[in-house]
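Encoded as structure tokens, the structure appears first; notes follow it.
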Amino acid sequence: QVQLVESGGGVVQPGGSLRLSCATSGISFEDYAMAWYRQAPGKGRELVARINKFGYKYYPDSRMGRFIISRDLATKTVFLDLNSLEPVDTAVYYCHVRDTSIWGQGTQVTVST
């Protein structure tokens, strides 16, 4: 059974940081690209970062320059470091196995004073 379990979300003040984790099971982790998406209230889901099976990282635009995607092949976990957080980063963050319909349940990130 394939599972993606996200963790690490929470409430943080502007300028703060969080590390999101996505623990996977039931897939050949090293054979897939993994991605993080987010969905803010009233908006569509958008790509935040992606890492392919060779470890190449992709960020769709400069707004994501504060974020870093990484992975641990040994634990089959993908991470997203969120730095210098702003209120506009408030969203539910989802882990995704690229080119599949596999998504995690999401973890809420709220940036607020």
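The values are calculated or read from the model by the stated rules, or taken from the named source; none is laboratory data. Bear in mind that the values here come from a model prediction, so they are computed numbers and not experimental data. Glycine gets a Cβ as well: all are built from the backbone with ideal geometry, and neighbour counts include every protein chain shown. Note: accessible area is taken over every heavy atom of the protein model, side chains too, but ligands, DNA and RNA are not part of it. Shrake-Rupley method; radii C 1.70, N 1.55, O 1.52, S 1.80 Å.
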Of 61, 89, 81, which has the most accessible area with a 1.4 Å probe, and how do the rest follow in descending order? 61, 81, 89
Tell me, what ³J(HN,Hα) does each residue in region 106-113 have, in order and in whole Hz, if you take phi through Karplus 6.51 cos²θ - 1.76 cosθ + 1.60 with θ = phi - 60° and put x for Gly and Pro? x, 9, 7, 10, 10, 10, 7, 7
Roughly how many Å is it from the Cα centre of region 1-38 to that of region 59-113, as a whole number? 6
Could you compute the net charge surrounding residue 77? Neighbours are other residues with a C-beta less than 14 Å from the C-beta of residue 77; K and R count +1, D and E count -1. -1
Relative contact order (percent, whole number), the chain, Cα cutoff 8 Å, 6+ residue spacing: 36
In terms of Cα to Cα distance under 23 Å, which lysines are near enough to residue 76, apart from those fewer than 8 places away along the same chain? 53, 57
Selected from 28, 101, 84 as most flexible by GNM, with the chain as the system and alpha-carbon contacts under 10 Å: 101
Would you mind counting up the charge near residue 33? Only other residues with Cβ under 12 Å from its Cβ, with Lys and Arg at +1 and Asp and Glu at -1. +2
Could you rank 100, 113 by how accessible they are, 1.4 Å probe, largest area first? 113, 100
Just need the relative contact order of region 64-113 here, percent rounded to a whole number, with Cα pairs under 8 Å and 6+ apart. 28
